[in-house]
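A short worksheet on the structure shown next.
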Amino acid sequence: MAVVTLITDFGTRDAYVGVMKGAILSVDPRAVIVDITHGVPPQDLACSARELADAFTYFPPETVHVTVVDPGVGSGRRILAVAAAGQLFLAPDNGILPASLAGVGVDAAVSVENRSLFRQPVSPTFHGRDIFAPVAGHLSLGLALGSLGPAVAWHDLVRLTISGPRPTPGGGLTGTIIAVDRFGNLITDICRSDLERLAGRKSWQRLTVRLGTEEIHGIAGIYADGVSQKPIALLGSRGRLEVAVRDGSAVVRFSARRGDPVYISTR
């Protein structure tokens, strides 16, 4: 049994995700379908790329990863299938795959054009159901990548610019809140490597995180290190700096939202 994962901006209120799964199972009834997330903000390519990058390494070889965040659906944009890291990836040619697979060796990339694999008729507004899903089903059954369409050069794919933390005067960094989880924790684009470069040989307890008008001194190890109802900063399971409130919600305390800046410096 093959694993097929899904990342979309469809949400779960409507039937879109369900019928995509039905289209996959119509081709491969034994496929194991895993929802990574359907909570990507509408048309947010950078968020979908980060979600895929953070998730795919936890799946077994030959997993088929389907990412449908597709503002150009129905246009002349290509649909890509890529083999990399022992796994397979399907996504529009809108920059998601080059961003999520940065630093990963890519074995092959093709443009998905074999219409015999699509559901017919193909809706111009729902390629997730009519193209991505059945193609994922065929890949999960072992169809060779080359059967999908012609090879494409990796350097010819659309690139997506994802900004990262920026240096600030005095040697600090300005990061950005990129996600808010259901616990109200604020997840930033500041990674472990950024903290290590900033701290140098100093302890992470010498780092100061500033959000709004509040400062948090030191980087905690776990959520329980915090004082009840007080904010803490820590490195979360995604390897990104988070701001949390023990026994509370950071998003509520700081009235924060995605895109807000977070500052970090040494002291």
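Read-outs: derived from the displayed coordinates by stated rules, not from any lab. Every value quoted in this text rests on a predicted model; they were computed, and no experiment measured them. Please note: Cβ atoms are built from the backbone with ideal geometry, for glycine as well, and neighbour counts cover all protein chains shown.
Per residue of the stretch 85-93, in order, report the coupling 6.51 cos²θ - 1.76 cosθ + 1.60 (Karplus, θ = phi - 60°) as ³J(HN,Hα) in whole Hz, putting x for Gly and Pro.
Karplus-based 3J(HN,Hα) across the stretch 85-93 equals 6, x, 10, 10, 9, 10, 6, x, 7 Hz.
Just to confirm the filter: which trypsin sites (Lys or Arg not before Pro) across the stretch 1-101 are DSSP coil and have at most 12 other Cβ within 10 angstrom of their Cβ?
Here the trypsin sites (Lys or Arg not before Pro) that fit, given the DSSP loop and packing criteria, are 13, 30.
Amide H of residue 112 versus every other amide H placed in the peptide plane: which residues, excluding those fewer than 5 positions away on the same chain, fall under 5 Å?
79, 80, 81
Helix 16-27 against the longest principal axis of the chain: what's the angle in degrees, Cα atoms only, rounded to the nearest 10?
Here the helix axis deviates by roughly 40 degrees.
Under a 5 Å amide H to amide H cut-off, with H placed in plane at 1.01 Å, what residues pair with residue 189 once short-range neighbours are removed?
Sorted by chain and number, the residues that satisfy this are 176, 178.
Using modelled backbone amide H atoms (1.01 Å from N, in-plane), which distant-in-sequence or interchain residues come within less than 5 Å of residue 38's amide H?
Those qualifying (amide H under 5 Å, at least 5 residues apart or on another chain) are 8.
HN-Hα J couplings of the stretch 54-59 from phi, Karplus 6.51/-1.76/1.60, θ = phi - 60°, integer Hz, Gly and Pro as x?
Whole-Hz 3J(HN,Hα) from phi for the stretch 54-59: 6, 9, 5, 5, 8, 9.
Report ³J(HN,Hα) in whole Hz for each residue of the stretch 255-263, in order, from the Karplus equation J = 6.51 cos²θ - 1.76 cosθ + 1.60 where θ = phi - 60°; Gly and Pro get x.
For the stretch 255-263, the Karplus-derived couplings read 6, 8, 8, 4, x, 5, x, 10, 10 Hz, x marking Gly and Pro.
Mean residue ellipticity at 222 nm from the helices of the chain, using -39,500 (n - 2.57) per DSSP H segment of n ≥ 4 over the full residue count, to the nearest 500 deg cm²/dmol? Display every interim value, and only then the final one.
On the way: 6 runs with 49 residues, N = 267.
My calculation for the chain gives -5000 deg cm²/dmol from helical runs alone.
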